[in-house]
Every structure is written in structure tokens, then in C-alpha cells.
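Throughout, read-outs are computed from the coordinates displayed, never taken from laboratory work. Quick caveat, the model's predicted, so the values are computed rather than measured. Neighbour counts run over all protein chains shown; Cβ positions are idealised from the backbone, glycine included.
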Amino acid sequence: MRLVIGLRFLPLFAGLALTLSLQPACLTNPSGPPTQEPTTITLSTYRIVFTAVNDHVRIDATVLDQDSRVISDATVNWRSADNSVARVTDRGVVTAAGAGTTQITVSSGYATATATVSVEQTADSIEITPSSITLAQVGETGQFTAVVYDANDRIIPGAAMVWSSSNPEIAAVDANGLVTAVAPGDALITASSGGVSTSRPVYVEVAPEPSRIVLNISEATLAAVGQSLQLDAQVYDDNNAAIPGAAVAWSSSRPEVATVDAGGLVIAVSNGTTQVMASSGDASAQATIHVVIEGTEPPDPPSEPERPEPPEPPDPPPPDPD
């Protein structure tokens, strides 16, 4: 009896066991490939140093999942911490914008990577203005100005500059490009920055000092109001050499008698005598000009002021009664 019972229920238990054993196998079968999560980002470079503004370079980013497999279609975001130093496009192209250092951050999901970018402009050329300086006397000064450019012709702000003179006995230059004439001659002034240099000439053309003046006329008479006379002055130096183009100043001691203009032209005004003087530096010469208008009496020469009579000496004291 017990055998019969066991035989009747055996198929039922067997089916139940088969069902239970199959269920776990169905749960472990994946329904598709596992999702790739961005875990790590590697960059083609982690350090960029630019030597000129507007230079650019591309950074390549590779996104890896949790199994270090490449995620080919990963979305990548690019960001610069300081766009005034370097800009970056959504394709990873970094462009130098100005001197300094900044960070370029690359992100995809929760994964990030960082590259450091420095812009250190290097001198490539120097422009000096003006193109030359001419100084006319010892102690006179002139100013040179220099601008430093990088390889892309962008100005390097605050670039260190060193000034020098090829002949400081002729022309000296200070740290700011101010040139001072020392003696007659020529010199080259050079501006240097970062191994690059440019030079400009300085000419010190000191005019000789006037020593004497010779006039073409020493005395003359004009006979009518408005009549004119041209005086010419030649200036000579200590070596008795003529000084071409020397500046000459003209003046009349009595402009009511005759005037003289800046070119030495004398014009009669009224009867009388005047001294017309030419001067240049410390040198001078004069011509005597008489104006005697026809039909009029020449004026008397200016009289000297009357001198006061000296006071009479006091009476001597009376003699002593002794």
C-alpha cells in the first residue's frame, strides 16, 4: 500500500522539482549588453605652453567605461577656467588669448580630466619709434619708445626692456629710452628684450658757438620816411669759420627813428640817429643809421641831462681862542 502511494505521487513531486530548478536559470540570462558608464577620461596632453597669443593646439579626449573600454559615442564637455588666458572649443581646440595660466576641464558624465595651459609670450621682434633722433646741443634730450611683439605680431604687455648706447660718450640712454646728448657725433641706441634687439641712430650735431658778427654795412643814411636798407649779418665761430644758418636777432635802439625786422630790413621813420644791433648767442655787432629827411632840419642830438651843481663845502670851524 505504501508502494502504491509512493508511485502515484512521484510524478507530482518530480514536476515540482523540475520547475523549481529551472526558475533560477531563467533569471540569470541577461536581456542585453550592460550599460557603459563614463568612468575615466584620458587626454592626449595634460600640459600646454604657448609662446604667442593666437597659437592653438587640439587636445584629444578618450572616455573609458567601468571596464576600461572606450565609449566611442560619449558626450564630452570642454570648459576653460579663464577665457582671457585660453579659450577652448567643443572639439577640444585650445587657443592662447593672453598671458597667464588656466585649467581646461573635460567632463563626460561623472568623469573629468584637467589640462593646464600657460601662455608665456616670447619676444620675436621689437619696434622702436622714432626711426632716429637728432640733438642740436649738449644736454638736449630725446625719447625713444619700444614695443615688443610675439611671433604672431601681438604686443607683449610689460615686456622687460634693456636700453644701451654704442657710444655713451656721444649719447647716453637711461632705462626708459631717454637719450641725452653728451658730445658731437653719432651713436646707435639699442633696445633688447628676450634675446631680440633693435637699434636706432642718434645724431648729436652741436652747433658751434658764435664768436663774432660782421655786418655788410657799418653806417648809412636814409633820406625819406619809408626808405629801407637791408642789413646782412655773417656769424663766425672761435675758429673764424662761418656758421651757416646761425640764428640772428635784430633790434633798434630808437625805433621811432628807424625800425628793423627779423630779417635785418631797416625802415626810416623820422629824423634822427639809431643803432641797429645784430646778436647771435653772446656775439653782437651794430650799424649806425642816420635818418635825414630832405626838406627838414635834422634834429639836435639828444642833450645830456644837466648835472646838479655840487654843494659848496661848509665853512671851516672858527679857530680856537687859544
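A few notes on this one:
- Virtual spin-label span in nm between Ala220 and Asn167, 7 Å along Cα→Cβ: 4.3
- Cβ charges +1 (Lys, Arg) and -1 (Asp, Glu), total dipole of segment 40-119, debye: 180
- Approximating the spin labels as points 7 Å out from Cα along Cα→Cβ, the Ser44-to-Ile155 distance works out to 3.4 nm.
- Segment 58-214 - percent relative contact order, Cα under 8 Å, separation 6 or more: 17
- Computed from the C-beta positions of Asn240 and Val147 and an R0 of 56 Å, the FRET efficiency is 0.70 to the nearest 0.05.
- Between Val70 and Thr116, full extension at 0.36 nm per residue minus the direct alpha carbon distance yields a gain of 14.2 nm.
- Rounded to whole Hz, the Karplus (6.51, -1.76, 1.60) HN-Hα couplings of segment 246-260, x for glycine and proline: 5, 6, 10, 9, 10, 8, 10, 6, 9, x, 6, 9, 7, 9, 9
- Relative contact order, whole percent, for segment 197-237 stands at 49, derived from Cα pairs under 8 Å and 6 or more residues apart.
- FRET E, pair Thr101, Leu188, Förster distance 25 Å, beta-carbon r, rounded to 0.05: 0.10
- For segment 52-186, the fraction of alpha-carbon pairs in successive 10 Å shells from zero, as %: 11, 27, 19, 15, 12, 9, 6, 2, 0
- Computed FRET value (nearest 0.05) for Val138 with Val57, which takes r as the C-beta separation and R₀ as 56 Å: 0.55
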